1. Compute and list, largest first, the equivalent-ellipsoid semi-axes of the chain from the alpha carbon gyration tensor, each √(5λ) rounded to a whole angstrom.
2. Determine the gain in length on full extension of the stretch ILE49-ASP9; use 0.36 nm per residue of separation and subtract their C-alpha separation, reporting nm with one decimal.
3. Using just the helices of the chain, give the 222 nm mean residue ellipticity in deg cm²/dmol: DSSP H runs with n ≥ 4 each add -39,500 (n - 2.57), and the total is spread over all residues, rounded to 500.
4. Starting at the first residue of segment 39-55, write each ³J(HN,Hα) from the Karplus equation 6.51 cos²θ - 1.76 cosθ + 1.60 with θ = phi - 60°, in whole Hz, x for Gly and Pro.
5. How far, in degrees from 0 to 90, does helix 65-77 lean away from the longest principal axis of the Cα atoms of the chain, to the nearest 10?
6. How would you rank MET78, MET43, going from fewest to most other Cβ atoms within 10 Å of each one's own Cβ?
7. For LYS36, which sequence-distant residues (separation of 5 or more, or a different chain) have an amide H within less than 5 Å of its own amide H, given hydrogens modelled in the peptide plane?
8. Restrict the search to the chain; then list the GluC sites (Glu not before Pro) that DSSP places in a loop and that have at most 16 other Cβ atoms within 10 Å of their Cβ.
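Each reported figure results from applying straightforward, stated rules to the coordinates on display, with no laboratory input. On a predicted model such as this, the values are computed, not experimentally measured, just so you know. As a convention, Cβ positions derive from the backbone with ideal geometry for all residues, glycine included, and neighbour counts pool all protein chains shown.
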Amino acid sequence: RLVTVKTSDGKTITGSLEGEDDERVVLKPNPLAPDKSEIGKAMIKERTISDVSPMPAGLLNTLKADQILDLLAWFEAMK
């Protein structure tokens, strides 16, 4: 799920939650890029979790069975 953070300086950052501790939240805005955004919790004005999957509806319907298996294997390797 995607997390959207609005900061006290007016920025909006959306991404997957990569980590969190008592002082900060780490989001990964682009799953294809290594960049991550660290936001201090003191800077967070609002935080919401999306109820909608970032995966486009019907995406798997366009793939063949072996492509779906390759995709699932890739997801598993990313853990």
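1. The answer is 30, 14, 9 Å, longest axis first.
2. Once the chain is fully extended between ILE49 and ASP9, it gains 12.4 nm.
3. When only DSSP H runs of four or more count, the value is -5000 deg cm²/dmol.
4. Values, residue by residue: 10, x, 4, 5, 8, 7, 8, 8, 9, 10, 10, 6, 8, 9, 5, x, 6 Hz.
5. Tilt relative to the chain: about 40 degrees.
6. MET78, MET43
7. Amide H neighbours of LYS36, under 5 Å, 5+ apart: none.
8. Those that pass, being in a loop and sparsely packed, are GLU23.
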